[in-house]
Amino acid sequence: MRGILSEAEQVLGSPVRNLVSILLFVLAVAISATIGYMAAGWSFADASYMVVLTIYTVGYGEVRPIDTPYLHALTMGVMVLGCTGMILLTSALVQFFTVLQLQSIFGATRMQSRIDKLSDHVVICGYGRIGVMLARDLSRAAVPVLVIERGPERRAEAEAAGLCTLSGDATEEEVLIAAGIQRARALATVLPDDAANVFITLSARNLNAGLEIIARGEAPTTERKLIHAGADRVVFPTHIGAEAMARMILYPHREHVQGDEQLARLRRELGALGLEVEMVEVAKGSTMVGLSVEEAERRAEGSIFIVQIDRTDGRSIPRPARDERLEAGDKAVVVMRDVAAGARALFTSRVEIRAGRNKF
């Protein structure tokens, strides 16, 4: 069947190109005929009305008498060219929609056939920033991957990357079953929604007790829920990025020895995870004064991670303890996630901008 479709496409050409070409031909005939009738003294309204009646073969009657050889020849030309153009246009439309339907049917069938052949594969729920990086690294390691994604644009990106994809909501058990969850070796749910990740983890564990499940977490309080739901491991992108930033701060010479290219790659990867680092100052009278590092991060609902504190007396505390307290005038190196949408809004509501420096 695929060979027949390919041969037909070679004979008929591109349906879109055929459709556009015929449409331009019909428009050219209609415009030329309208100008021709107007040259005989007809008004634009009468001329265009006559052309439409003739091209569409409605046959209500002549708008004006066709009583000259010129009008006879013009009308006969509109009948032949216009009617022929409309027949071809109808055929091109049928061809266009037929090819679309065939591509949709056989494309879905081929993808489902690929999915049915998968075994010992990894199911990735979500093809966002983290999903893209995860799928890329697994593919490079020759591990079979199946991506579950609702968004058509992201799903098209995954297919363009050569990945097996499944359209649907991963929180539904039917979708997980269609993804071959019983035959899979692992599942990674990397959606930015903690509730959805918990639900997916619970459903996947019920469907496959031996499945390795790795779940993404945003808020630190979600880890316990994901573990109880059946996740083997919980990954917090914010903390991973913060630890990488901390290594850059703590061991700058080592990073320099490894090379600027690797350092730049690390920063790009952190940016792909939606992470950013800033130096913020704890203003006098701020609600952050007197809070421990753990309390400050909890108040920010997991959107920040403090990796260093610079005291007013010149002391620097890299990777501060969880019970280390913030004091007025301290400068904190903070790793933030989702800066544009979440963390930035938090800072603008609690941070005072003075002389280009952020303050809690």
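Taking the stretch 228-240 on its own, how many of its residues are of a type outside the set (A, V, I, L, M, F, W, C) and open to solvent by 50 Å² or more (accessible area, probe 1.4 Å)?
So the answer is 4.
Of everything in the stretch 116-143, what is open to solvent by 50 Å² or more (accessible area, probe 1.4 Å) and not in a helix (DSSP H, G or I)? Give them in sequence order.
Correct list: S119, D120, A141, A142.
Applying the selection to the stretch 159-210, what residues are open to solvent by 40 Å² or more (accessible area, probe 1.4 Å), polar (S, T, N, Q) and out of contact with any strand residue (DSSP E or B) (no Cβ under 8 Å at 6 or more places or on another chain)?
The answer is Q182, N206.
Tell me which of these T201 doesn't satisfy, since it passes every other one: (1) among the hydroxyl-bearing types (S, T, Y); (2) at pLDDT below 90; (3) part of a helix (DSSP H, G or I).
All conditions are met except number (2).
Table: residues versus (1) under 30 Å from R17 (Cα atoms); (2) at pLDDT below 90.
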position: A30; (1), (2): yes, no
position: T34; (1), (2): yes, no
position: G61; (1), (2): no, yes
position: P65; (1), (2): no, yes
position: G82; (1), (2): yes, yes
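Assess whether L134 counts as being touching a Leu at 6+ places or on another chain (Cβ under 8 Å) and either among the aliphatic types (A, V, I, L, M) or within 23 Å of A229 (Cβ to Cβ) (or both).
no
The rows are residues; the columns are (1) open to solvent by 40 Å² or more (accessible area, probe 1.4 Å); (2) at pLDDT 75 or above.
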{"residue": "L273", "(1), (2)": "no, no"}
{"residue": "V289", "(1), (2)": "yes, yes"}
{"residue": "E294", "(1), (2)": "yes, yes"}
{"residue": "E301", "(1), (2)": "yes, no"}
{"residue": "D310", "(1), (2)": "no, yes"}
{"residue": "R319", "(1), (2)": "yes, yes"}
{"residue": "A332", "(1), (2)": "no, yes"}
{"residue": "A345", "(1), (2)": "yes, no"}
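Would you please name the residue that is nearest to L146 (Cα to Cα), looking only at residues in the stretch 211-227 that are at pLDDT 90 or above and surrounded by fewer than 18 Cβ atoms within 10 Å (Cβ to Cβ)?
Within the stretch 211-227, the match that is nearest to L146 (Cα to Cα) is E212.
The values are calculated or read from the model by the stated rules, or taken from the named source; none is laboratory data. Quick caveat: nothing in here was measured; it's all calculated off a predicted structure. Counting neighbours? That spans all protein chains shown, and the Cβs are built from the backbone with ideal geometry, glycine included. All accessible areas refer to the heavy atoms of the entire protein, side chains included, with ligands and DNA or RNA removed. Shrake-Rupley method; radii C 1.70, N 1.55, O 1.52, S 1.80 Å.
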